[in-house]
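Only one structure is covered here, and it is reproduced in the block below.
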Amino acid sequence: MQKAPLIWTNILVFSSTFLVALVAVPWYAIAVGFGAAEIIAMILCLGYCGMSITAGYHRLWSHKSYQAHPVLEFIFAIGGAFALQNSAIHWASDHRIHHRHVDDNDKDPYSARRGFWFSHIGWMLRDYQGPAHYTYDNVRDLQKNRILQWQHKHYLTLVLLTNVGIPVALGLIFGNFWGMLLLVGVVRLVLSHHFTFFINSLAHIWGKQPYTDENTARDNGILALLTYGEGYHNFHHIFEYDYRNGIKWWHFDPTKWLIKGASLVGLTTKLRISPEDRIEQAKALMQLKRAKSKLQQQRYPDAEQILQKVEHEYELLIERMQAYYALKKGLLVQKKQQLQDSFSVSYTELSMQKQYFELKALFNEQRRHWQRLTAQLA
């Protein structure tokens with residue numbers, strides 16, 4: 001079978017920057033040394049590139065999980081060119097195909113089932129998709145965006161202005177041309193590339209699957225530290241239109257915090273989140289599947305009775321979960337109506353609130369019982 005043609009531009013960029021970072025940077029650090037200005041500038045530029053990819057390319061344009069002010073879009077478009085990961089239109093097109101055909105070796109551009117190397121960087125070294133892919137039929141909505149049209153048209157110019165212009169300008173300002181060029185120009189680019197590539201590779205190999213096992217995506221808190229919150233990838237693949245990846249308050253997801261913080265000053269609007277009940281149901285279903293799998297593997301003598309108990313407890317959990325969330329939604333609707341009409345609290349609402357707390361207590365009790373049961377089997 002004939003191999004796909006090599007993409008020499010990508011090969012040269014990835015290999016040359018990596019070699020400079022591996023050889024020239026340590027030599028310069030020993031011979032001359034880097035100052036605080038170069039290190040701080042590198043970290044800030046690395047963060048700008050990373051957040052432009054995660055908040056802009058990924059959650060805004062690929063998944064439409066929120067809407068952004070044109071000023072913020074422009075900032076992300078410049079940062080995306082600085083990150084040197086192709087135009088937003090091209091990037092989003094690949095990513096939408098990935099979600100639609102995840103783990104399909106023939107259709108997923110960076111299928112993790114083809115191995116770590118392929119999903120990490122190998123898929124960009126050969127033209128596996130061919131010229132027919134670049135019609136961008138799946139991103140017609142983005143092609144109507146004037147900022148993205150402009151970025152796509154002038155992408156190479158923007159790449160040169162940012163990747164050469166910014167390090168040179170910083171070098172002239174702080175009086176260390178070569179130091180800035182090496183750290184901000186090269187090391188920042190190599191780290192930015194590979195931190196992003198980890199989501200395509202490691203986040204489909206290393207971690208947990210609390211929400212779904214229908215694909216290879218994993219949740220990994222360590223990867224979240226390197227990828228501005230993108231490490232909670234198992235959640236993302238089942239709830240891709242949620243502007244959050246880390247849904248708990250303790251989850252490290254600075255991209256989520258940026259989007260939410262920007263909404264407070266009107267730079268972002270229409271932030272989309274997944275319904276709580278759907279998230280809870282997905283977790284419960286995975287726990288049920290794992291419990292059944294354990295029962296089959298361990299071959300308990302009373303496995304049939306245990307299985308019946310597990311299924312009964314699961315059905316009871318779902319029943320109480322649905323009742324609780326249905327009443328919670330009803331209360332929210334009533335409160336909105338009450339704010340529009342008057343501030344008086346009706347007898348019906350007091351009754352619903354009492355029922356709400358009762359159902360919440362029943363649901364939490366059943367959830368704790370269910371978690372203990374599935375933990376014992378595990």
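Give me the distance in nm between label points sitting 7 Å out from Cα along the Cα-to-Cβ direction at I247 and R114, one decimal.
3.1
How many nm is it between the label spots at Q322 and Q355, if each spot is 7 Å from the Cα in line with the beta carbon?
The two pseudo-label positions are separated by 1.6 nm.
Which angle from 0 to 90°, rounded to the nearest 10, does the C-alpha axis of helix 276-298 make with the longest principal axis of the chain?
Orientation of helix 276-298: about 80 degrees from the principal axis.
Please report the spacing between the Cα centers of the stretch 272-338 and the stretch 194-256 in Å, no decimals.
Here the two parts' Cα centres lie 23 Å apart.
Excluding residues on the same chain fewer than 8 positions from K354, give the lysines whose Cα lies under 29 Å from its Cα.
K248, K283, K328, K329, K335, K336
Taking neighbour counts of Cβ atoms within 10 Å as a proxy for exposure, in what order, fewest first, do H236, H90 appear? Display every interim value, and only then the final one.
Working: H236 26, H90 18.
By the 10 Å Cβ count, ascending, the order reads H90, H236.
Can you pull the percent of Cα pairs in the chain with separation above 26 Å?
Numbers: 43690 of 71253 pairs.
I get 61 percent for the Cα pairs in the chain exceeding 26 Å.
Beyond 25 Å, how much of the Cα-Cα pair distribution for the stretch 75-180 remains, as a whole percent? Spell out each step's value before the answer.
Working: 1949 of 5565 pairs.
Summing the P(r) of the stretch 75-180 above 25 Å gives 35 percent of all pairs.
Which lysines have a Cα lying under 22 Å from the Cα of K289, excluding residues fewer than 8 positions away in the same chain?
Correct list for K289: K208, K309.
Pop a pseudo-label 7 angstrom from the Cα along the beta-carbon direction at both A303 and H194 and give the gap in nm to one decimal.
4.5
Using only the alpha-carbon atoms, how far is helix 165-174 inclined from the longest principal axis of the chain? Give it as 0 to 90 degrees, nearest 10.
Taking the Cα atoms of the chain, the angle to 165-174 is about 80 degrees.
Each reported figure results from applying straightforward, stated rules to the coordinates on display, with no laboratory input. Fair warning: this is a prediction, and the values are worked out from it, not measured in the lab. All Cβ positions, glycine included, derive from the backbone under ideal geometry; neighbour counts span all protein chains shown.
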